[in-house]
Amino acid sequence: MTSTEEFIAARNFLLPYRKDPTKRAQEFRWPRFDNFNWAHDYFDVIARGNDRPALKIAGSAGIEHVLSFAELARRSSQVANFLAAQGIGPGDRILLMLPNIVPLWEVMLAAIKLGAVIIPTTTLVERAELEDRLVRGRSKAIVTTAPLADRLAGIDAAASRIVVGEARAGWVAYDQSYGESDRFETTRPTRADDLLLLYFTSGTTARPKIVAHTHVSYPVGHLSTMYWLGLRPGDVHLNLSTAGWAKHAWSSFFAPWNAEACVLSLQYERFDARAVLDQMVRCGATTFCAPPTVWRLLIQLDLASWRVHLREATSAGEPLSPNIIERVREAWGITVRDGFGQTETTAQIGCPPGIAVKPGAIGRPLPGCPIALLDSNGRPAEEGEICIDLEQQPLALMSGYLDDPERSAQAIREGYYHTGDLASRDADGYLTYVGRIDDVFKSSDYRISPFELESVLIEHEWVAEAAVVPSPHPVKLYVPKAFVDLVPGGAPDAQTARSIFDHVRARLSPYKRVRRIEFAALPKTISGKIRRVDLRNAEHERGAQPGRRACEFWEEDFSGET
């Protein structure tokens, strides 16, 4: 079989996903290629004569742009020829900083056809981060919009500059691409292991790592994500992820198009839960994926008031609270399914359609994802670090961290890729997330999982988000302390604190209860991840001092318990 046929055969094996998902996970095998170019060998093939919608972009007034598979194939060939005319060829690196507009998808497809390397970049980055990406990423070209181009003024970067929209002096207009031929001829085969994507991680503790993916690790690897999302040909898939992050490539690019589904993208400056639900209904979304942060905002509304067309709903980014699952099921009659993966991987663990969802569990290993739990000595265990067994040749894994052999060796060692995340496994093979290795701590010799406590905290009506860290204690060494961000209207006072303590006391064993609460905005990375390291450091620096900070309350303030 050709590489195209092998890929489509692997895809088709996973599409009838409701037929014994356990057996499919066991029997699935990754296709293996010497050469493969997903845009040329797959997308262009399924796009021939295909006028079904591949991309819908909606604004506040409704759908503003619709492009078919055939149109995107033609446009991406024009853009590939345009980029080649700017001197960009195989292996050259393009810093792509665009919001959710049509050129984002056109340039992604075009760059893949060219064999160029894409550096997806969020529009939120500032000058210092841009310079870092241009220098360490060795970018030969930059593609961005006119307003964002101004952010690069004065940065000395030897790169071709391409601007979408309004003209800028010193920049090449993207609109020139419309004058190019819509037939693109490759100059050489694309090797499967050639570099394709460079993701700068969000850097919760140090300078961002650069995650390197190949022409198969993400394009082909996201068959596992397609399977977990439960996508079918003709679906309209809405994913709430901004451009520049790996989850955008997961669920707004590779996974939907692997299934020949339509990508639905929303344009908005600020998130508005009501507007998102309105668009979901208006645009006919059949599948939906959003992080728990979004789900928590959605369930504050009367979801049943929106007559959605959803068949599947999923969540990723952090483990899902059982409370969210129940609220959505009551309103819409569908079950939100959890999933786990990283920028370094595709979806690795999850609840695909057809298997029961267990409250609190993130699911089972997905097809082609050989998951092992290893204890601190590197031995298989029922609770331990989530690792990927390299002996089984997993395809959906990064090639390493670019130009960083030390970090690569730390993550990929002794026959496993180490995620740095902890989980436990039950008798049915379901995995339950425990937390990041660095986040788990001991209190009075009991091991505390911050995630378990945070899951209880966010079920309180006034809690929008929470982060639990160890707080020094003169007797217990540490006690769990929660930094809490309240929903609008919540008062950061003693009455609210007492209500939260009561809520936790009724749901957790005494040894793991939150003992201290501080109301505060949570520090976050640019990608929205909570910087627990900042909170841990702040608590460590204060030591076991008895004084309170502003808006801080201790359990003994109310009950006299220690």
Please tell me if GLU131 is open to solvent by 10 Å² or more (accessible area, probe 1.4 Å) and in a loop (DSSP other than H, G, I, E, B). no
Kindly list the number of the only condition in (1) within 18 Å of VAL440 (Cα to Cα); (2) outside any loop (DSSP other than H, G, I, E, B); (3) open to solvent by less than 40 Å² (accessible area, probe 1.4 Å) that fails for LEU508. (2)
Pick from region 357-382, criterion farther than 15 Å from PRO319 by Cβ and assigned to a strand (DSSP E or B), ranking: most open to solvent (accessible area, probe 1.4 Å): PRO380
Just name the residue that is nearest to the chain's Cα centre (by Cα) out of those in region 423-454 that are surrounded by 21 or more Cβ atoms within 10 Å (Cβ to Cβ) and over 18 Å from ILE386 (Cβ atoms). GLU454
Within region 463-479, is there a residue that is open to solvent by 20 Å² or more (accessible area, probe 1.4 Å), outside any loop (DSSP other than H, G, I, E, B) and more than 30 Å from ARG207 (Cα to Cα)? yes
Residues in region 299-318 that are buried (at least 17 other Cβ atoms within 10 Å of the Cβ), under 29 Å from THR343 (Cβ atoms), modelled with pLDDT of 95 or more and not small (Gly, Ala, Ser): how many? 3
Identify all residues within region 341-356 that are under 18 Å from PHE28 (Cβ atoms) and open to solvent by 20 Å² or more (accessible area, probe 1.4 Å); write none if there are none. GLY341, GLY354, ILE355
For ARG188, are the conditions met, namely being open to solvent by 20 Å² or more (accessible area, probe 1.4 Å), in contact with a Lys or Arg (Cβ under 7 Å, 6 or more places away or on another chain), in contact (Cβ under 8 Å) with a residue 12 or more places away in the chain and over 30 Å from PRO352 (Cβ atoms)? no
Residue pairs qualifying under the 8 Å Cβ cut-off, at least six apart or on distinct chains, with the first in region 72-96 being on the phi > 0 side of the Ramachandran plot and the second being at pLDDT below 95 and not basic (Lys, Arg), are GLY87/SER160
Could you list, in sequence order, all residues of region 242-267 that are out of contact with any Ser or Thr (no Cβ under 7 Å at 6 or more places or on another chain) and surrounded by fewer than 20 Cβ atoms within 10 Å (Cβ to Cβ)? GLN267
Condition set among the basic types (Lys, Arg) and within 25 Å of the chain's Cα centre (by Cα), scope region 25-75, selection most open to solvent (accessible area, probe 1.4 Å): answer is ARG29
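The values are calculated or read from the model by the stated rules, or taken from the named source; none is laboratory data. The model shown is predicted, which means the values in this text are computed figures rather than measured ones. In this analysis, Cβ positions are derived from the backbone assuming ideal geometry, glycine residues included, and neighbour counts consider all displayed protein chains. Please note that ligands, DNA and RNA were not included when accessible areas were found on the heavy atoms of the full protein model with its side chains. Shrake-Rupley method; radii C 1.70, N 1.55, O 1.52, S 1.80 Å.
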